[in-house]
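Remarks on the structure that follows.
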Amino acid sequence: MATIEKIGTFTDAWNSEHELEIGLYRMSVPDFNKRAVREAIVNAFSHRDYTKMGRVRISITDEGMTVEPHGRNPLLADVIKKGIDEIRHLELVLSLASCQPFISRNDVVNLLHVSPARAYMILKKLSEEGKLEPVNKGKYAKYKLLNEHKKGEV
């Protein structure tokens, strides 16, 4: 685990933050979610093929970050990437909800650049997990962050 922590400190140096503005609200969003990066590194070490010589490769470019174990299973790698994207989407929605009184499906569409159906599924998942509460129902439903998940605890 010490190796993974050390790698995390190296990747932090390349993880710049950008201001995201939605309406009157602003929030700082890093290029790479720290928890997702850590999970990708742990998965690379735990899912690599140890019967072959090779290294875990971490590459940071203008297009993003890639974490590749030597001899990985490509199907497993695709599943892991989808899981990381899901974590990042949920965290971004919770961050947005902590910055304003209510969020809507349209706010999530604009934040994540996903379809309205996908935005609805994300809001529904966060509601089922007890992190967001629907204020009204229907196509124009609004959601609010529950008190126990206010800023600092997201």
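Assorted remarks:
- Residue that is nearest to Glu19 (Cα to Cα) [pool: residues in the range 95-144 that are of a type in the set (Phe, Trp, Tyr) and not in a helix (DSSP H, G or I)]: Phe102
- Checking Arg88 against (1) modelled with pLDDT under 70; (2) under 18 Å from the mean Cα position of the chain (by Cα), the condition it does not meet: (1)
- Test result for Arg48, charged (D, E, K, R) and touching a His at 6+ places or on another chain (Cβ under 8 Å): yes
- In this structure, Leu92 qualifies as closer than 22 Å to Arg26 by Cα, aliphatic (A, V, I, L, M), in contact (Cβ under 8 Å) with a residue 60 or more places away in the chain and part of a helix (DSSP H, G or I).
The values are calculated or read from the model by the stated rules, or taken from the named source; none is laboratory data. Just so it is clear, the structure is predicted and the values come from calculations on it, not from any experiment. As a convention, Cβ positions derive from the backbone with ideal geometry for all residues, glycine included, and neighbour counts pool all protein chains shown.
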